[in-house]
Every structure is written in C-alpha cells, then in structure tokens.
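Colleague: Would you mind keeping the following structure in view while I ask a few things?
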Amino acid sequence: RQPQWVDPPQAPWDYTLFGIANSSSPAPEKTIELIFEKMPGAAGKFNLWLVNGKPYPHEREFVLDRGTRYRLVMRNRTDDAHPMHLHRHLWELAEINGKKTAGIIKDTVVVPYFGRVMVDFTADHPGLALFHCHIQQHMDYGFKALFRYG
C-alpha cells in the first residue's frame, strides 16, 4: 500500500497547554501597560512602530524599582503577531488573550495579533534593559524601549 500524506490539524499555538492553574510566585506589586501600534508607511516605505504612542527611545517612561515584582500588560493593536523580549530578565506568563496560566518561564513571548499577553517578572538586574520586538525590521523602525532602574 502507498503512503498517503495527511495534513496535520490546524490548531493555533497555545502556551497555556504547558502551564499550571496557580502561580507559586509572588503577586505583582506594580503594573506597566504597554500598547503596541503601527503607522503604515510613516517611516518612508516602512511602517513606524509605536509603544504607548511613540517610537524609541522612551527616555524615562519605564523606570523600575529594584526588587519589585511587575506585571507587564502587552496590548497588541496591530494585525501582526510580535515576539516580545526583555533583555536580562525572565518572565512568567500570567495570561494570554484572557486565558490565565502560571509556571511558564520565558524570555520571549509572542503577543498575538489584536491580542493581549500579561507577564510577571521581578526587577532584579539593575541597569538598562532593552525591551523589543524580535522581528528585526519592526525593531529598526521604532518597536523598542529602554527599561531602566531608578
């Protein structure tokens, strides 16, 4: 009998399949809201990418207190999925598009198009930390910010 190709199921990726119901990590003490937007063609032939209404550099917006537990609420108002990364820190996924999870430790998470992701982390690495989209062209055209310690 000849082998036959069978298409795999088209289930969307779901980080929460690897999570647990409740986190044993400390609760976040502060929340940082991050809204992602694009301005089509605003950078010549390319899109301009905004975090909280503006492109890089974000001189003083994101100032962390050492030892504080933070929740980042990333709201993607674009039709692109964005692999987001914060240098020098690990975060725990807390919620993806309204679905709660815990126990998943990552340094990068894909924020779905028109979606929302919440992650928690402890500010325990003083100094500058680059927050950015891992799609190089997005980063080149404004999709990054510096987190700093106060």
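Colleague: With every protein chain kept in place and ligands, DNA and RNA left out, what is the accessible area per residue of the chain? Probe 1.4 Å, answer in Å².
Modeller: 59 Å²
Colleague: Further question: Report, by chain and number, residues whose modeled amide H sits under 5 Å from the one on residue 47, excluding near sequence neighbours (fewer than 5 apart, same chain).
Modeller: Long-range HN contacts for residue 47: 41.
Colleague: Explain nothing, just the number: dipole magnitude of the range 26-149 about its Cα centre with +1 on each Lys and Arg Cβ and -1 on each Asp and Glu Cβ, in debye rounded to the nearest 20.
Modeller: Numbers: 17 positive and 14 negative charges, 18 e Å.
Roughly 80 debye, rounded to the nearest 20.
Colleague: Quick one: Karplus J couplings for the range 97-112, per residue in order, coefficients 6.51, -1.76, 1.60, θ = phi - 60°, nearest Hz, x for Gly and Pro?
Modeller: Once θ is set to phi - 60°, the couplings for the range 97-112 become 6, x, 9, 6, 7, 7, x, 9, 9, 9, 10, 9, 9, 7, 8, x Hz.
Colleague: In nm, what is the difference between 0.36 nm times the number of residues separating residue 7 and residue 139 and their Cα-Cα distance?
Modeller: Going from the current span to full extension adds 44.1 nm.
Colleague: For the range 4-17, just list the computed ³J(HN,Hα) in residue order, Karplus coefficients 6.51, -1.76 and 1.60, θ = phi - 60°, integers in Hz, with x standing in for Gly and Pro.
Modeller: 10, 6, 10, 4, x, x, 9, 6, x, 4, 9, 4, 5, 4
Colleague: Which value at 222 nm does the chain reach when only helices count, each DSSP H run of 4 or more adding -39,500 (n - 2.57), with the total divided by all residues and rounded to the nearest 500 deg cm²/dmol?
Modeller: Result for the chain, helices only: -500 deg cm²/dmol.
Colleague: If one computes the Cα centroid of the range 1-72 and of the range 88-136, what distance in Å separates the two points?
Modeller: The range 1-72 and the range 88-136 have Cα centres separated by 6 Å.
Colleague: From Cα pairs below 8 angstrom and at least 6 apart in sequence, can you work out the relative contact order of the range 26-149, rounded to a whole percent?
Modeller: Reported as a whole number, the value is 32 percent.
Colleague: Leaving out ligands, DNA and RNA, what percent of the accessible area of the chain is carbon and sulfur, probe 1.4 Å?
Modeller: 54 percent
Colleague: What whole-number value in cubic angstrom gives the convex hull volume per residue for the C-alpha atoms of the chain?
Modeller: 145 Å³
Colleague: For residue 110, which sequence-distant residues (separation of 5 or more, or a different chain) have an amide H within less than 5 Å of its own amide H, given hydrogens modelled in the peptide plane?
Modeller: When sequence neighbours closer than 5 places are left aside, the close amide H contacts are 84.
The values are calculated or read from the model by the stated rules, or taken from the named source; none is laboratory data. All of these numbers come straight from a predicted model, not from anything done at the bench. Cβ sites come from the backbone with ideal geometry, for glycine too, and all protein chains shown count toward neighbours. Surface accessibility is based on the protein's heavy atoms, side chains included, excluding ligands, DNA and RNA. Shrake-Rupley method; radii C 1.70, N 1.55, O 1.52, S 1.80 Å.
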